[in-house]
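What follows is one structure encoded as structure tokens, with my remarks underneath.
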Amino acid sequence: MVRGFYVQNFGCRATQSDGAALERQFEERGLERRLTPGQAEIVIFNTCTVTASADQDARAAIRRVHRENPSAEIIVTGCYAQRAPEELASLPGVRRVIGNSHKHELARIALGAGMEPRSAQESGESSAGFVAVKSLTAGRSPSGDLPPVPGQQPSTGDQQPIFVSDVFAHTDFVSAPVFDAANERTRPNLKVQDGCNNRCSFCVIPYVRGRSRSLGLERVVEEVNRLVAAGYREVVISGINLGRWEDSCQKSDLSAQPSVPRLRQATTDPSSAQGLTTLRTDDRRPANGPPRLAALIRAILERTELEKLRISSVEPMDWTDELIALVAETGRIAKHAHVPMQSGSDAVLRRMHRKYRPWHYREKIEQIHAAMPMAAIGADVMVGFPGESDAEFEETRRMVEELPFAYLHVFTYSARPGTAAASMRAQVPATVARERSRILRELGGQKKVWYMRSFVGKMVEAITLHGQGGACPGGFTQALTDNYLRMIEEGWHEANQWIRVRVEGLAGDRLVGQVAGGGPQVRTSPRRASLPW
Ligand code: SF4
């Protein structure tokens with residue numbers, strides 16, 4: 001009988017994308033994907049470590065699966081596995097811990113081919129590319145010029161095999177398109193960048209995902225064309241630090257850039273519904289640098305027939321004039337800008353080692369808003385960072401209040417072992433951080449309602465989503481607007497269709513709309529979305 005596997009993902013879109021790539025690895029080796037961990041002979045936990053509660057969720061899930069399916073071989077990978085492999089190896093049922101450093105060959109290791117005996121790894125020698133954990137824990141990586149890897153402890157020698165090495169030395173890129181939710185299979189998410197060269201003092205991500213690296217321009221275009229051929233009409237591109245995407249294999253050749261083709265669809269903005277306008281001359285990059293994010297986006301527009309491209313989070317300093325103009329000038333890019341803010345206080349941003357000041361951030365948001373007045377602008381904000389005073393929090397609250405945000409993601413600071421912030425004095429009491437979080441969530445909720453209300457009575461365009469067969473039980477279809485608002489429309493409409501809808505009101509956090517002309521859909525796709533994953 002064919003062996004079955006199950007991949008359980010935790011955390012961000014990048015982790016979900018890694019999980020999809022892991023599924024491909026096992027399927028290519030003839031194993032079958034199972035629907036639940038209870039049916040699988042091999043269960044892979046693809047973990048996140050961004051907060052202490054993410055760690056706790058992973059440990060609880062591992063224990064639960066081992067209880068329910070004790071014969072399953074449990075393999076733990078992902079960011080938590082990279083940060084604290086021996087902590088995970090000591091959990092009952094865990095057979096192997098394979099860090100991000102070895103994710104690209106996880107199935108091969110898991111199935112035993114070419115696996116090094118444990119003693120070889122523990123000897124401290126680099127063998128077949130593996131580096132013993134103990135050789136990483138002296139505070140420096142083997143190359144000697146890299147920052148310490150926080151949280152890793154020497155192997156005790158009585159635990160299960162651990163495959164973790166210096167993640168900063170790795171240049172492999174693991175990625176496969178993935179969907180945001182199991183029942184929402186209309187908008188694939190393609191990770192095009194991984195790792196981060198910044199060192200924000202609260203963040204453990206660079207230590208567990210390594211240096212910034214990107215999927216090459218040709219590969220991205222290939223993947224998008226594949227998705228378009230399979231029938232997808234909207235694709236999201238994402239990364240750990242997407243604004244740092246660059247194709248180091250290529251040099252820009254500006255003279256070779258063709259003009260951008262006409263749009264294939266209408267948008268909510270009538271001025272852009274007729275097609276792309278000519279890009280400004282200052283959109284062109286110097287000919288000697290590698291192509292950056294705007295060049296990638298331009299290549300997707302020029303070399304694929306993708307109808308809608310959505311850009312996930314981009315750091316404020318990477319929203320260049322060129323990128324803002326490109327997003328504003330084409331209806332083929334969703335009018336949506338997610339710009340992490342973290343704090344409105346200069347002092348807090350400095351302690352966070354963020355690379356911008358509050359006034360830079362404010363200018364950037366105002367510039368994006370001026371270029372795209374109806375765009376959904378969203379932000380991540382952190383409360384309770386060490387030493388955050390009432391006055392500093394008030395600076396953040398005021399900035400949130402004054403800027404035209406459509407939504408907020410509020411996070412409470414969580415100390416991650418080994419990061420600079422974890423050893424800072426004046427940690428904010430949990431009760432204070434909770435109250436600050438409540439204040440910002442409430443403000444974010446109000447801003448979202450104001451933003452949503454501004455569309456009542458207007459026509460918008462939305463893509464219908466899969467949702468348990470495409471419709472809610474009450475005879476409504478779910479859809480997502482160009483500017484990232486969830487919407488419900490009366491009646492059943494096939495998923496993956498662009499519809500023009502008149503917004504009639506709000507129901508909770510969704511718009512309620514009526515499809516224009518009473519017809520089921522304004523445009524239909526000749527293709528059906530049907531990829532094998
Ligand atoms: S930019 Fe800062 S917060 Fe974002 S992944 Fe890099 S280090 Fe972490």
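The figures follow:
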{"read-out": "Residue match in region 170-191 (condition: outside the structural domain of Asn9 (by TED's automatic domain parsing), within 15 Å of the ligand (Cβ to nearest atom) and modelled with pLDDT of 65 or more)", "value": "yes"}
{"read-out": "Residue within region 358-372 that is touching a strand residue (DSSP E or B) at 6+ places or on another chain (Cβ under 8 Å) and small (Gly, Ala, Ser) present", "value": "no"}
{"read-out": "Test: residue in region 525-533 that is at pLDDT 50 or above and either buried (at least 17 other Cβ atoms within 10 Å of the Cβ) or in a loop (DSSP other than H, G, I, E, B) (or both)", "value": "no"}
{"read-out": "Qualifying residue in region 224-247 (condition: among the hydrophobic types (A, V, I, L, M, F, W, C), farther than 18 Å from Gln16 by Cα, within 16 Å of the ligand (Cβ to nearest atom) and buried (at least 21 other Cβ atoms within 10 Å of the Cβ))", "value": "yes"}
{"read-out": "Residue tally, condition in contact with a Gly (Cβ under 6 Å, 6 or more places away or on another chain) and at pLDDT 90 or above, over region 462-501", "value": "2"}
{"read-out": "Among the candidates Leu511, Leu506, residue that is in a strand (DSSP E or B) and either surrounded by fewer than 20 Cβ atoms within 10 Å (Cβ to Cβ) or modelled with pLDDT under 85 (or both)", "value": "Leu506"}
{"read-out": "Single residue of region 196-214 satisfying the filter (under 14 Å from Cys48 (Cα atoms) and under 16 Å from the mean Cα position of the chain (by Cα)) that is surrounded by the most Cβ atoms within 10 Å (Cβ to Cβ)", "value": "Val208"}
{"read-out": "Odd one out for Glu218 among (1) modelled with pLDDT of 55 or more; (2) within 16 Å of the ligand (Cβ to nearest atom)", "value": "(2)"}
{"read-out": "Residues that are among the β-branched types (Val, Ile, Thr) and more than 9 Å from the ligand (Cβ to nearest atom), drawn from region 202-215", "value": "Val208"}
{"read-out": "Single unsatisfied condition, Arg199 versus (1) at pLDDT below 65; (2) within 16 Å of the ligand (Cβ to nearest atom); (3) of a type in the set (D, E, K, R)", "value": "(1)"}
{"read-out": "Qualifying residue in region 142-150 (condition: under 23 Å from the mean Cα position of the chain (by Cα), closer than 23 Å to Gly99 by Cα and modelled with pLDDT of 90 or more)", "value": "no"}
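Yes/no per residue for (1) more than 22 Å from Lys448 (Cα to Cα); (2) in contact (Cβ under 8 Å) with a residue 12 or more places away in the chain; (3) crowded, with 20+ Cβ neighbours inside 10 Å; (4) within 16 Å of the ligand (Cβ to nearest atom):
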| residue | (1), (2), (3), (4) |
| --- | --- |
| Pro290 | yes, yes, no, no |
| Ala294 | yes, yes, yes, no |
| Leu323 | yes, yes, yes, no |
| Arg332 | yes, yes, yes, no |
| Gln342 | no, yes, yes, yes |
| Asp346 | yes, yes, no, no |
| Arg350 | yes, no, no, yes |
| Tyr356 | yes, yes, no, yes |
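The values are calculated or read from the model by the stated rules, or taken from the named source; none is laboratory data. The structure presented is a predicted model; accordingly, all values stated were derived computationally and were not measured. When we count neighbours, we look across all protein chains shown, and the Cβ atoms used for this are built from the backbone with ideal geometry, even at glycine.
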